[in-house]
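To keep things clear, I will list the structure first and then write my remarks on it.
None of the figures in this text is laboratory data; all of them are computed from the coordinates on show. Bear in mind the structure is a predicted one, so any value in this text is a computation, not a measurement. So basically every Cβ, Gly included, is an ideal-geometry build from the backbone, and we count neighbours across all protein chains shown.
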Amino acid sequence: MERTVVRCADGHVFSTTSFPMQQAERLGPGRLVRCPRCARLRSAVPVVMEKR
């Protein structure tokens, strides 16, 4: 199972395996996931990793 690095609405960065990557046009890339730092359901988006 592939892990995805995401950032929640509060700015916490974490990885998850349950982040569906299919993008619906009306919903955008964000999904509701439970943030392990604040323990609430938050809107989260994938983090774009930059190459250095």
Ala9 long-range amide H proximity, modeled H, under 5 Å: Ser43
Separation of the Leu32 and Ala9 label points, Cα + 7 Å toward Cβ, nm: 1.0 nm
